[in-house]
1. Would you calculate, for the chain, the mean residue ellipticity at 222 nm contributed by helices, counting each DSSP H stretch of 4 or more residues as -39,500 (n - 2.57) and dividing by all residues, to the nearest 500?
2. Hey, any idea what Rg/Rh is for the chain, computing Rh the Kirkwood way over Cα pairs?
3. What percent do you get for the relative contact order of region 4-65 when only Cα pairs under 8 Å and 6+ apart count?
4. Between region 1-39 and region 113-140, how far is it from one alpha carbon centroid to the other, in angstrom?
5. Which residue, G26, G40, G383, has the most motion in a Gaussian network model of the chain that connects Cα atoms within less than 10 Å?
6. Could you list which residues have their amide H under 5 Å from that of R103, counting only those 5 or more apart in sequence or on another chain, with H placed in the peptide plane?
7. Between A46, A317, A35, find the one with the highest GNM mean-square fluctuation for the chain; connect C-alpha pairs within less than 10 Å.
8. Going by Cα centres, region 71-111 and region 268-321 are how many Å apart?
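The values are calculated or read from the model by the stated rules, or taken from the named source; none is laboratory data. All values reported here derive from a predicted model rather than from experimental measurement. Cβ sites come from the backbone with ideal geometry, for glycine too, and all protein chains shown count toward neighbours. Ligands, DNA and RNA are excluded from the accessible area calculation, which covers all protein heavy atoms including side chains. Shrake-Rupley method; radii C 1.70, N 1.55, O 1.52, S 1.80 Å.
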Amino acid sequence: MQHPTVAIIGGGPAGLLAAQRLAEAGVTGVAVYEAQATPGRKFLVAGHGGFNLTNGEPAAAFPPRYGARHGEFNPFLAHFGPDDLRRWAADLGIATYVGSSGRVFPLEEHKPAHLLRAWLQHLAALGVQLHTRHRWLGFEGERGIRLRNEHTNQEFSVQPQATVLALGGASWAKTGSDGSWTAEFQRLGIECARFEPANCGAEVTWSGFFREKVGRAPLKNIGLRCGTVETRGEVLLTDYGLEGTPVYALTPAVRAALQTGSPALLHLNLKPDLAPPALLARLQQARAGRSLPEVLRQTLNLGPPVPTLLRELATPAQLQNPVELAKLLQHLPLSVTGLRPLDEAISTAGGVLFREVNPHLMLHRRPGTFLAGEMLDWEAPTGGYLLQGCFSTGAWAARGVQQWLGL
Ligand SMILES: Cc1cc2nc3c(=O)[nH]c(=O)nc-3n(C[C@H](O)[C@H](O)[C@H](O)COP(=O)(O)OP(=O)(O)OC[C@H]3O[C@@H](n4cnc5c(N)ncnc54)[C@H](O)[C@@H]3O)c2cc1C
């Protein structure tokens with residue numbers, strides 16, 4: 001049995017970047033062990049609906065995107081920030097551009113699969129060994145790890161000088177990130193926050209009539225608020241409730257509100273760019289005798305599904321009164337009964353608590369074992385911040401390994 005110098009467990013973006021950085025730094029004997037038949041499955045899934053590698057906003061605006069973890073993320077982002085990520089893609093032959101939303105995408109002709117293929121070829125050229133269908137089972141002794149070769153069903157252990165675990169969060173289990181690694185962490189007494197869905201849809205109990213009539217329909221350029229947190233963008237009404245970037249961005253606030261044991265209240269602003277007095281004036285000027293859909297379309301350019309949505313959530317008396325209607329159009333209350341199931345979520349909150357690792361992302365309880373990516377307890381909104389967080393922690397863990405190896 002040949003023992004790798006560094007074992008990287010998990011072939012997602014965090015693990016693969018850690019492997020690349022170590023190999024580029026001259027470390028020989030870097031081996032990646034991935035449980036699935038191919039690496040980067042969630043990375044490829046991320047590419048299905050608009051692949052945001054990172055975000056074009058100024059570097060100083062990044063750390064607050066990691067919420068309560070912004071302090072921890074400062075050094076990670078300073079070490080490998082959004083510009084480094086774009087340069088990394090360019091070095092693999094993948095040019096990127098900043099879209100109108102600020103999100104950074106690979107150019108149209110570069111599919112995520114091209115990027116992954118170029119990346120894996122580069123890793124192979126660097127001498128990184130990739131062992132697919134190799135599942136990490138747990139720790140052994142001071143430095144060892146136990147693995148199962150799922151081709152042969154044989155279990156074995158290796159004794160690397162350092163290990164990087166990048167096992168992912170707990171959504172989209174079919175991509176390999178099923179969160180099952182937490183059992184071994186619990187066994188060792190390493191504290192993990194429970195996984196919760198992040199960046200996911202919110203459930204609203206619509207009437208049967210509403211579900212049938214509206215189905216899936218977008219509400220463009222709206223404002224959405226939960227408590228004091230406000231977002232803007234396009235929301236999609238679905239048969240289960242709401243989804244879309246503004247909803248995803250509010251999941252931490254919605255989750256916190258739901259934890260109090262009652263439904264979470266969202267407020268929808270269907271005319272966020274119109275001052276309330278101007279909105280009221282337009283409604284008051286509308287000719288008498290017009291139907292609600294006519295008034296909304298002709299005075300405010302609000303077509304379907306807005307009238308049906310208003311009828312679903314307000315009383316006929318409220319809708320007939322211009323003052324009440326004006327208020328509803330900018331503060332339409334929506335009662336959210338829950339978040340969508342964990343497995344559907346784009347990302348997960350929860351994971352290994354930051355107090356379990358030192359500033360180099362090394363486990364206090366297992367010197368020489370470093371963590372990276374979504375398995376750590378952080379969350380961030382969509383818009384490129386998730387992958388950026390995984391890449392930044394992957395690069396930072398690799399730096400920690402280099403120091404550990406005395407390089
Ligand atoms: C639908 C969808 C769209 C997304 N879109 C975007 C986007 O546009 N922009 C963005 O920034 N982010 C996006 N994300 C999020 C992003 O893909 C993830 O945050 C990122 O892939 C997490 O990287 P990771 O390396 O931490 O973990 P993962 O990518 O989850 O990789 C972990 C790897 O570890 C392996 N593994 C797990 N357990 C074991 C074990 N016991 N032994 C061996 N291997 C194991 C898994 O098989 C997996 O390959 C999206 C996610 C989804 C689901």
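1. -9500 deg cm²/dmol
2. Here the Rg-to-Rh quotient is 1.06.
3. 35
4. 6
5. G26
6. Correct list: G56.
7. Between A46, A317, A35, it is A317 that shows the largest mean-square fluctuation.
8. 42
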